[in-house]
Every structure is written in structure tokens, then in C-alpha cells.
Amino acid sequence: MRILVLENDPVVPPGRLATEAATAGHEIVMVRLHQGDRIDDAGHYDAIVVLGGGMGSYEEDAYPFLVDEKQFLVEAVDRGVPVLGLCLGSQLLADALGGRVYLADTPEVQLCRAEIEVEDDPVAMALGSTDALLFHRDTFVLPPGATVLAKTTDFIHAFRIGSGVGVQAHPEVTRDTALAWIDSPESADIVEGAGVDRAELRARVAGAEEALSDLATSFFSAWFAEAESLLDSSVAT
């Protein structure tokens, strides 16, 4: 498959997504919106992944590229193109398709295993296979027609709507990137607001290399298979 990856923030790179895609024989096409790259027509790609970022979906004045990005997601889902939104990407997907994104009362920063809501869904089951890193301050009201796939204690963890899947976690994150987020002064308010002990979280993430790797392999394998199935169905019709 030819997979378009939309990068919103340089500190949230494709990470393990790129590794897993290469292993599976898929081509990654990077568009770095934060650098002024323009989005091509959705029909030029077999699947789309939207990465995370430090901004909010509602910060269109500060980040004007979000306007075109959300419209692009609407068009992609309307065409039946498989779309995967990760963290901010899931929020953009929810917002674009008629939901509402807002600042949560308390940020969510933790390494945990999701509670699966749809047990016959391979993507959801992959999410629940091991711990995942959650690192966000925003949450959302889902758009009409969306199905909750997984939850954590206080948040929707993953959802599905049409050809789109949104995941609040970071299955793509490498251990080094996760540690950089934890150590960054720019994330201090999120970590402190979540009531998390920074040293304890850092120690857990530092020891989670195997879990993060296993999650990336199981999750992206499941989503690639789903995307290929949708692609085959669209070609057949």
C-alpha cells in the first residue's frame, strides 16, 4: 500500500509506524504540515495516518493548516479511504466528522492497557493486547454514527466511524521519543496536571521497550490488514 502520513508536529514523528510499514512492504509518503507541506488528493493514496501534536484541534487561528487537514479527512472518509488518527489525529478525525474536541478537566498521561468494548474487532483487540502510552490533554464528544472500540478509566480510547479509526494512544511511539516527551519542559504542565510522578513514569517507560514494540507490531499489523481489505473491496466494486 501507499500510505500518506500527516505529521502535525516535529516532536511527534512516525516512529514505529515507519518501521512496521517497511517490514510489511508498504510505502510511506510523509507530508509535514508544520513545515508548510501541502496535502495531495486523498485518491492518490491507499491509506492515511494522521499523527499527534501539541496543538488542539480547535487552535485553527494559531495553526491554519488544521482547517485544510480536517476537510481532507472528511473527503477521505467520504471516499472510503482507510484513515487512522493517533492522539491529536483521533481528535481531528472526531472534530472533522461532526464531533467536538475540548480541553479535558484532567490530562491523561499513563502507560496502561485499554478496556476493549468490541471484542470481535481485530484493531480493538490489538490495542488491548499490552500497555500503550497515553499523553494528551484534550478529549472529544464522538460524531454521530461512531462506535467506541476501547476505553480507559476516564476517556474514550479508540473509536471507529466509516473507514476511519481514531486512537488516543501512541502505538507509534518509540521509547526514546516517549522519554523525550516526559523530560521536556513543554510537557511539564500536562504531566503535573495528570497528577503523575515524572520519575516513576519515566522509569516505567524506560522499562517498556518490549511492550511498546509488541503493541506496534500487533496494532499496525491489524490496521494494515484492515486497510488492505477495504482497498480490495473498493477495487472489486
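Can you pull out every residue in region 4-44 that is in contact (Cβ under 8 Å) with a residue 40 or more places away in the chain, in a loop (DSSP other than H, G, I, E, B) and within 16 Å of Gln71 (Cα to Cα)?
Once the filter is applied, which keeps residues that are in contact (Cβ under 8 Å) with a residue 40 or more places away in the chain, in a loop (DSSP other than H, G, I, E, B) and within 16 Å of Gln71 (Cα to Cα), region 4-44 yields only Asn8.
Among the residues of region 202-237, write down those that are modelled with pLDDT of 95 or more and polar (S, T, N, Q).
Within region 202-237, Ser213, Thr217, Ser218, Ser221 meet the criteria.
Can you find a residue in region 143-154 that is assigned to a helix (DSSP H, G or I) and farther than 17 Å from Asn8 by Cβ? Please lay out each step first, then the result.
The initial filter retains those residues of region 143-154 that are assigned to a helix (DSSP H, G or I), namely none.
The answer is no, given that none of the residues of region 143-154 is assigned to a helix (DSSP H, G or I) and farther than 17 Å from Asn8 by Cβ.
Let's see how each residue does on (1) of a type outside the set (Lys, Arg); (2) in contact with a helix residue (DSSP H, G or I) (Cβ under 6 Å, 6 or more places away or on another chain):
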| residue | (1), (2) |
| --- | --- |
| Arg198 | no, yes |
| Arg204 | no, no |
| Ser213 | yes, no |
| Ser221 | yes, no |
| Ala225 | yes, no |
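Within region 213-237, take every residue that is touching a strand residue (DSSP E or B) at 6+ places or on another chain (Cβ under 7 Å) and among the aliphatic types (A, V, I, L, M) and give me the one that is surrounded by the fewest Cβ atoms within 10 Å (Cβ to Cβ).
Taking region 213-237 and keeping what is touching a strand residue (DSSP E or B) at 6+ places or on another chain (Cβ under 7 Å), we get 215, 223, 227.
With the extra rule that they be among the aliphatic types (A, V, I, L, M), the set shrinks to 215, 227.
Working: Leu215: 26, Ala227: 24.
Checked region 213-237; the qualifying residue surrounded by the fewest Cβ atoms within 10 Å (Cβ to Cβ) is Ala227.
Determine if region 59-71 includes at least one residue that is basic (Lys, Arg), surrounded by fewer than 16 Cβ atoms within 10 Å (Cβ to Cβ) and either without any contact (Cβ under 8 Å) to a residue 24 or more places away in the chain or not in a loop (DSSP other than H, G, I, E, B) (or both). Step through it out loud before you land on a result.
Just the residues of region 59-71 that are basic (Lys, Arg), to begin with: 70.
Going one step further and asking which of them are surrounded by fewer than 16 Cβ atoms within 10 Å (Cβ to Cβ), we end up with none.
The answer is no, given that none of the residues of region 59-71 is basic (Lys, Arg), surrounded by fewer than 16 Cβ atoms within 10 Å (Cβ to Cβ) and either without any contact (Cβ under 8 Å) to a residue 24 or more places away in the chain or not in a loop (DSSP other than H, G, I, E, B) (or both).
The values are calculated or read from the model by the stated rules, or taken from the named source; none is laboratory data. All values reported here derive from a predicted model rather than from experimental measurement. Every residue, glycine as well, gets a Cβ built from its backbone with ideal geometry; the counts of neighbours run over all protein chains shown.
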